[in-house]
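Data first, discussion second: the structure below is written as structure tokens.
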Amino acid sequence: MNKVETIVYGLVKKHPGIKKAVKTIYQGVFDLLPRKAEYFSGEYDFKEGYFFGFHDISPLSNDETKCLANKVPFEGRMPKKGESMEVGYFDINKGKYGEFHKIGDTYAWNYHKGCRLQWVDDDTVIYNTADGDVLCCNIKNIKTGEEEKHPYPIDAVFYNEKELFATSFCYERLNRCMPGYGYAVGDGDISEPAPSDNGLYMINLTNNKSKLIVSLKELSEKVSHETRPGYTHFVTHTEFSHDGRYIAFLYRVVPNGQEGKDMHKTWIMVYDIKGHRLITLPTQETGSHYVWNHRNEIIASCAIDGKSCHVLFNINNPENYKIIAGDTVNSDGHQSFISDEVFITDTYPDRRRMSKLFKVDINSSSATKIAEIYSPKTFQTSDVYCHIACDLHPRVSPSKKYVCFDAPRTGVRSLYIMNL
């Protein structure tokens, strides 16, 4: 954002209706201008009618010969209960897409986080689905075709070659508080604002044991305090640290009756599995997206002193944080690490409907544009119950040679791979 946009955003960000109106009018003026030229810093390939979803998982296999994908069944609306989506993978050869191989169908999906399709190991994938009215996850070996269902929906996964762990939470509550991020199938949400038997779960999928590790009641008492009356509490966006010791997550509270209207307050939390303790990052009740590097550091989008920025936190000393490239990457984005010191992040469409990808160096606090991509207005979310936006959600491949992202630049939601 430029200086004027930053000032205006600061004035309207707490008023979603006004913010949306200002954005629509502002972009409408620039719609009258010729479309701006796109920019790609490397060779790229894409497949129309496919997407992957969130930025915290790489869809590419460790040997980068396969790329997981969701096949878009329709556009322009949210999925309804019973509507399925194909999941599978593309063959990859030197950064080019080959044949699509269907793995199965999911009945629990959305446009932003897909069905949480992800690799467990080189031959095994896991994803959410539904069995009738029950949310569950499916683990499938793509070589043998063997599969097994588990009676839990999952979010993040950690595999240590002995046991498979996953995080979980109430997706029905998430869908109520953030429409478009849960599923059309419910899983037992209750109206109580901060129940003691709901919150962040860790599941051992090896023995099918589920444990509530942090309850919403505990979070409400230890963290939010003054926001407890009149608010609904929920957790979302979980991620294991690379060593498996920590689970980061967003703890959010939203005023009753204002669900899905960007009125929530957010704390980026970390649960120390070994130490059985909660750590609250000092994000000033803000936060949206984040990822871990291998040094147990988190880069997160939040607002410090009212200014949107990307902030680096070290879990061992979270109060000593660092704002990275604040003059350039000064808006919300989705991050993915190339190395412990360099990450990629995106932007939402600007006044010319252009979304950007930046490569950001933590040490020099500098950002380099690596792509600028057109996003048609037809993919702009119209309201909270039609959350159809197509964010870039950049995801770096295991070797760091490629970045994979979603984009609707041709008028069709598509899955891209670009050489870094």
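Run the dipole for the chain about the Cα centre, Lys and Arg Cβ at +1, Asp and Glu Cβ at -1, nothing else charged, and hand back the magnitude in debye, nearest 20.
Here the chain has a charge dipole of around 1160 debye.
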- Among the trypsin sites (Lys or Arg not before Pro) in the range 117-222, which ones are in a DSSP loop with at most 14 other Cβ atoms within 10 Å of the Cβ? Mind listing them? K143, K162
- Between (i) 21.1; (ii) 18.9; (iii) 23.5, the structure-derived mean projected area of the Cα convex hull in nm² is (ii)
- Query: Say the dipole of the range 230-308 comes from +1 at the beta carbon of Lys and Arg and -1 at that of Asp and Glu; which of Y290, H264, H242 then lies farthest toward its positive end?
  - Reply: H242
- Message: Within 10 Å, at most 12 other Cβ atoms, and a DSSP state outside H, G, I, E, B define an exposed site. Report the longest part of the chain free of exposed chymotrypsin sites (Phe, Trp or Tyr not before Pro).
- Response: 75-384
- Summing -39500 (n - 2.57) over every DSSP H run of at least 4 in the chain, dividing by its residue total and rounding to the nearest 500, the 222 nm mean residue ellipticity is -2500 deg cm²/dmol
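Among the GluC sites (Glu not before Pro) within the range 263-319, which fall in a DSSP loop and have no more than 14 other Cβ atoms within 10 Å of their own Cβ?
Listed in order of number, the matching sites are E319.
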- Message: Taking loop as defined by DSSP and a crowding limit of 13 other beta carbons within 10 Å, which GluC sites (Glu not before Pro) in the range 91-174 fit?
- Response: E146, E161, E163
- All lysines inside 19 Å of K369 as judged from Cα atoms, apart from same-chain residues fewer than 8 positions distant: K3, K36, K356, K359, K400, K401
- When the charge dipole of the chain is computed with +1 at the Cβ of Lys and Arg and -1 at the Cβ of Asp and Glu, the Cα pointing farthest to the positive end, of S365, L278, I338, is that of S365
- For the range 147-160, just list the computed ³J(HN,Hα) in residue order, Karplus coefficients 6.51, -1.76 and 1.60, θ = phi - 60°, integers in Hz, with x standing in for Gly and Pro. 9, 9, 9, 10, x, 9, x, 10, 10, 9, 10, 9, 10, 10
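Bear in mind these aren't lab numbers, they're just calculated from the coordinates by the rules spelled out. The structure displayed is predicted, hence computed values, not measured ones. Counting neighbours? That spans all protein chains shown, and the Cβs are built from the backbone with ideal geometry, glycine included.
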